[in-house]
Amino acid sequence: MSDLIDDPSEGQNQPEFSVTEISGAIKRVIEGEFGHVRIKGEIGRVSRPRSGHIYLDLKDDKSVINGVIWKGVAARLATQPEEGMEVVATGRVTTFGGQSKYQLVIEDIKPAGMGALMAMLEKRKLLLQSEGLFAAERKQPLPFLPDVIGVVTSPSGAVIRDILHRLRERFPRKVLIWPVAVQGAKCAPEVVRAIEGFNAMTSGGALPRPDLIIVARGGGSIEDLWGFNEESVARAAAQSAIPLISAVGHETDTTLIDFTSDKRAPTPTAAAELAVPVRLDLLAHIDGQGGRMTRAMTNAVQVRDQRLRDLARALPRLETLLDGPRQRLDTWGDRLPAALIRSVQVHRVQLSERSGSLRPSVLRNRLEMDRRRVDIATRLAPGLARAIAAKREALGRRADRLNLAPLRADIARKSVALDGVSRRFSAAGLRQVNDWKSRIEAMDRLRETLGYKATLSRGYAVMRGDGAVVTDTKSAGKAAVLEVEFADGRLTLGATSNPKPTPAKSAKKPAKPDDPSSQGSLF
């Protein structure tokens with residue numbers, strides 16, 4: 001019996017640990033055992049605080065482990081974690097003694113296979129499509145012959161040589177190359193800076209602003225082309241004010257920038273062909289158009305020359321046109337001397353008749369009469385001066401009696417009286433309008449009270465059978481179609497297998513409350 005009783009002194013010689021010591025011991029054991037691990041799972045919650053660190057959950061169908069990506073590591077990641085993505089995370093397992101939990105410090109994270117990348121790509125594609133960035137109406141037309149072409153690509157690859165060679169063959173143009181990384185973590189930010197940099201250039205600056213941008217890269221795997229699937233690159237291409245051609249990969253490769261760009265080229269060489277026309281074809285077309293214009297002008301001149309000749313044959317000869325005027329000139333020349341002589345004789349007779357009345361005695365009499373008129377006017381001057389002085393004096397006496405002070409006082413009194421009358425008139429008009437408004441509102445309330453529409457709003461209904469009002473069950477039984485009117489509409493019963501409610505028409509004029517045919521039966 002005594003063997004079954006525990007000895008209270010047993011275990012007292014075991015060492016004692018503080019909380020911090022035991023937490024540190026656990027931390028060393030876990031970090032020593034799981035110093036470097038790779039974990040495959042689905043990303044759950046993702047948190048991005050202002051510190052720049054990333055906190056997330058890795059989970060499968062049974063368990064969840066917390067993960068953290070420090071700020072410096074997060075900036076170098078080629079693939080940013082997103083919720084729902086299946087990834088393979090590489091890092092070390094450690095503990096956080098402050099909350100007695102363990103977590104994975106992630107040093108690298110990659111999508112778990114092609115399926116995860118395609119799922120993430122499809123998710124981004126649906127997001128951008130929902131914002132309208134793929135719409136055809138927002139795409140800009142390409143310039144027919146751009147003066148300057150900006151190319152965003154790697155300066156050391158074969159792509160830029162193919163583009164320059166194709167442009168030189170078709171139509172040489174000025175080319176500005178913005179060197180970027182076409183794969184890896186630096187690809188997306190450098191491509192975004194290149195597109196925004198070309199758009200930020202101004203016309204007439206040190207470097208000419210491109211009229212067209214080509215974003216080009218050769219073929220590769222989906223991981224190599226992933227930089228052009230980043231959301232930032234697709235948005236930069238969509239927001240570009242300069243028309244943009246995407247030429248990423250081969251014909252079968254498709255990236256997000258292909259959907260948001262203004263034109264997609266299957267290859268970089270095809271992008272150069274889309275950018276400029278063929279110079280020799282243009283010259284041949286111009287020569288052909290010039291020949292057509294020359295032939296058209298020659299034919300037009302010949303047709304007009306022939307028409308002019310045809311019209312000229314219908315015109316009379318010049319000698320025939322001048323025969324009549326010459327004959328009339330000769331006739332008038334023969335008659336002119338005799339007409340001049342007769343005109344001189346007539347004017348001489350008229351002069352003699354008029355000079356006969358101009359005798360010296362007549363002139364002296366007229367002069368004497370004018371002198372008498374002048375003398376009379378001279379004698380009238382003193383009388384006129386005296387009359388003017390008398391009128392001026394009378395005017396002065398009357399002006400003295402015109403005082404403005406009484407007039408101003410009278411105007412002020414009448415203005416005060418007018419203001420009082422205006423106020424009384426306004427008050428009376430306002431009272432009358434208010435009285436009319438009150439009477440109208442009372443009559444409207446009475447109309448609502450007497451009308452059957454108000455009764456419908458209290459839960460009653462109007463029933464009509466075959467268009468007539470039904471007031472008893474006998475009439476309802478005989479009707480083939482019953483129509484029930486509620487406050488919010490009408491419901492037809494019997495016409496079809498499924499009754500269809502008809503909403504009430506607000507624009508219909510309400511029936512008069514005293515019309516029994518319009519009210520029907522209420523129930």
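Going residue by residue through the stretch 49-60, is there one that turns out to be touching an Asp or Glu at 6+ places or on another chain (Cβ under 8 Å), without any contact (Cβ under 8 Å) to a residue 24 or more places away in the chain and surrounded by fewer than 17 Cβ atoms within 10 Å (Cβ to Cβ)?
Keep residues of the stretch 49-60 that are touching an Asp or Glu at 6+ places or on another chain (Cβ under 8 Å), which gives 58-60.
Filter once more, so that each one left must be without any contact (Cβ under 8 Å) to a residue 24 or more places away in the chain: 59-60.
Narrowing further to those that are surrounded by fewer than 17 Cβ atoms within 10 Å (Cβ to Cβ): 59-60.
Yes, the stretch 49-60 has at least one match.
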| message | If residue 123 meets every condition in (1) crowded, with 16+ Cβ neighbours inside 10 Å; (2) within 37 Å of the chain's Cα centre (by Cα); (3) not in a loop (DSSP other than H, G, I, E, B) apart from one, which number is that one? | response | (1)
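Find the residue count for the stretch 147-159, including only residues that are over 14 Å from residue 248 (Cβ atoms) and under 38 Å from the mean Cα position of the chain (by Cα).
Going residue by residue through the stretch 147-159, those that are over 14 Å from residue 248 (Cβ atoms) are 147-150, 155-156, 158.
Applying the additional criterion that residues be under 38 Å from the mean Cα position of the chain (by Cα) yields 147-150.
Count: 4.
With 246, 261 as the choices, which residue is touching an Asp or Glu at 6+ places or on another chain (Cβ under 6 Å), surrounded by 23 or more Cβ atoms within 10 Å (Cβ to Cβ) and either within 20 Å of residue 160 (Cα to Cα) or not assigned by TED's automatic domain parsing to the domain that holds residue 176 (or both)?
It is 246.
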| query | Name the pairs whose Cβ atoms lie under 6 Å apart, with the first residue in the stretch 205-218 and of a type in the set (Lys, Arg), the second surrounded by 24 or more Cβ atoms within 10 Å (Cβ to Cβ), and 6 or more positions between them or separate chains? | reply | 217/182; 217/248
| query | Can you pull out the residues in the stretch 433-482 that are assigned to a helix (DSSP H, G or I) and closer than 30 Å to residue 494 by Cα? | reply | 452, 453, 454, 455, 456, 457, 473, 474, 475, 476, 477, 478
| Does residue 419 satisfy the criteria of being of a type in the set (D, E, K, R), within 28 Å of residue 494 (Cα to Cα) and more than 54 Å from the chain's Cα centre (by Cα)? | no
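Any chance you could count how many residues in the stretch 157-197 are in a helix (DSSP H, G or I) and within 30 Å of residue 281 (Cα to Cα)?
Narrowing the stretch 157-197 to residues in a helix (DSSP H, G or I): 158-170, 187-197.
Now narrow it down to the ones that are within 30 Å of residue 281 (Cα to Cα): 158-170.
Residues flagged as in a helix (DSSP H, G or I) and within 30 Å of residue 281 (Cα to Cα) within the stretch 157-197 amount to 13.
Filtering the stretch 275-289 down to residues that are of a type outside the set (A, V, I, L, M, F, W, C) and without any contact (Cβ under 8 Å) to a residue 24 or more places away in the chain, which residue is nearest to residue 265 (Cα to Cα)? Spell out how you get there, then give the answer.
Taking the stretch 275-289 as the starting set, the residues that turn out to be of a type outside the set (A, V, I, L, M, F, W, C) are 277, 279, 281, 285, 287-289.
Going one step further and asking which of them are without any contact (Cβ under 8 Å) to a residue 24 or more places away in the chain, we end up with 281, 285, 287-289.
On the way: 281: 21, 285: 25, 287: 30, 288: 30, 289: 31 Å.
The qualifying residue nearest to residue 265 (Cα to Cα) is 281.
Scan the stretch 255-273 residue by residue and report those that are of a type in the set (S, T, N, Q) and closer than 17 Å to residue 188 by Cβ. Step through it out loud before you land on a result.
Here is the first cut: in the stretch 255-273, the ones of a type in the set (S, T, N, Q) are 255, 260-261, 267, 269.
Within the stretch 255-273, 255, 260, 261 meet the criteria.
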| Criterion violated by residue 202 - all others in (1) buried (at least 18 other Cβ atoms within 10 Å of the Cβ); (2) of a type in the set (Val, Ile, Thr); (3) touching a Lys or Arg at 6+ places or on another chain (Cβ under 7 Å) satisfied | (1)
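Residue check: is residue 317 surrounded by 10 or more Cβ atoms within 10 Å (Cβ to Cβ) and not aromatic (Phe, Trp, Tyr)? Walk me through how you get there before you give the answer.
Details: surrounded by 10 or more Cβ atoms within 10 Å (Cβ to Cβ): no; not aromatic (Phe, Trp, Tyr): yes.
The answer is no for residue 317.
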| remark: Of (1) at pLDDT 85 or above; (2) surrounded by 15 or more Cβ atoms within 10 Å (Cβ to Cβ), residue 117 satisfies every one except (1)
| request: Working only within the stretch 67-101, note down all residues that are under 41 Å from the mean Cα position of the chain (by Cα) and in a loop (DSSP other than H, G, I, E, B). | output: 77, 78, 79, 80, 81, 82, 83, 84, 85
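The values are calculated or read from the model by the stated rules, or taken from the named source; none is laboratory data. Bear in mind the structure is a predicted one, so any value in this text is a computation, not a measurement. Every residue, glycine among them, receives a Cβ derived from its backbone with ideal geometry; neighbour counts consider all protein chains shown.
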